[in-house]
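The values are calculated or read from the model by the stated rules, or taken from the named source; none is laboratory data. It should be emphasised that the depicted structure is a prediction, and the values quoted were computed from it without experimental measurement. Cβ coordinates were reconstructed from backbone atoms using ideal geometry, including for glycine residues, and neighbour counts include every protein chain displayed.
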Amino acid sequence: MRITLVQGDITAQHVDAVVNAANSSLLGGGGVDGAIHRRGGPAILAECRRLRASHYGRGLPTGQAVATTAGELPARWVIHTVGPVHSAGEDRSELLASCYRESLRVADELGAASVAFPAVSAGIYGWPLDDAARIAIGTVRATPTEVTDIRFVLFDPDAYAAFERAL
Ligand code: ADP
């Protein structure tokens, strides 16, 4: 498994699957979620709505992952995962680790060889960057997977620097 860091926009990545830091509604939101739906077009949201209706009436639980088409993105699939909101009073790192493990499990089911991850939970959900980066890198390194190319796509220089330190 090769892990690389990229500073840029995850929606532009030519990989088999891009991971979305979704919210449990699966119906879109801000940050990376908004960018994926904007750039990927309506096919992604349509499939998310079908998944809500068929499997996740109460939403996708935190720490789980599910795949849809990638619509007009260069990738083939979007893997939606719901990160935990950071809490100062409660250690939710296991749920954040689960996002990476479950996304890789779904990638294996799809047969994806290359996967791009954003810094899940490190935006609107408020996770401190260094901690988010350590959990992200540590978990993918420790997860048995057929994925050979893992790319962390960091939107801003601060996130990139945190992932570089963690790597
Ligand atoms: P969360 O709600 O899980 O915190 P966000 O989308 O708010 O998710 O943020 C997760 C990370 O994704 C943040 O570091 C944010 O800067 C970054 N981000 C936002 N847009 C993009 C994008 N187009 N490509 C890659 N990363 C992005």
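What the table shows:
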read-out	value
In segment 38-75, the residues that are touching a Cys at 6+ places or on another chain (Cβ under 8 Å) and either acidic (Asp, Glu) or not in a loop (DSSP other than H, G, I, E, B) (or both)	65, 68
Test: residue in segment 86-104 that is within 14 Å of the ligand (Cβ to nearest atom), in contact (Cβ under 8 Å) with a residue 12 or more places away in the chain, more than 23 Å from residue 132 (Cα to Cα) and of a type outside the set (Asp, Glu)	no
Selection from segment 1-38 of residues that are within 8 Å of the ligand (Cβ to nearest atom), free of Cβ contacts under 8 Å to residues at least 60 places away in the same chain and either in contact with a helix residue (DSSP H, G or I) (Cβ under 9 Å, 6 or more places away or on another chain) or over 11 Å from residue 78 (Cβ atoms) (or both)	23, 34, 35, 36
Single match in 33, 9 (criterion: surrounded by 20 or more Cβ atoms within 10 Å (Cβ to Cβ), acidic (Asp, Glu) and modelled with pLDDT of 95 or more)	33
Criterion: under 16 Å from the mean Cα position of the chain (by Cα), at positive phi and among the small types (Gly, Ala, Ser) - qualifying residue of 111, 126, 138	126
All positions within segment 81-112 that are farther than 15 Å from residue 19 by Cα, among the aliphatic types (A, V, I, L, M) and touching a Phe, Trp or Tyr at 6+ places or on another chain (Cβ under 7 Å)	85
Filter pass, residue 81 being in contact with a Cys (Cβ under 7 Å, 6 or more places away or on another chain) and either modelled with pLDDT of 95 or more or buried (at least 20 other Cβ atoms within 10 Å of the Cβ) (or both)	yes
Subset of segment 112-144 that is more than 7 Å from the ligand (Cβ to nearest atom), in contact (Cβ under 8 Å) with a residue 60 or more places away in the chain and over 14 Å from residue 98 (Cα atoms) - its residue that is surrounded by the most Cβ atoms within 10 Å (Cβ to Cβ)	115
Those residues of segment 145-158 which are within 14 Å of the ligand (Cβ to nearest atom) and not in a helix (DSSP H, G or I), in sequence order	151, 152, 153, 154, 155, 156
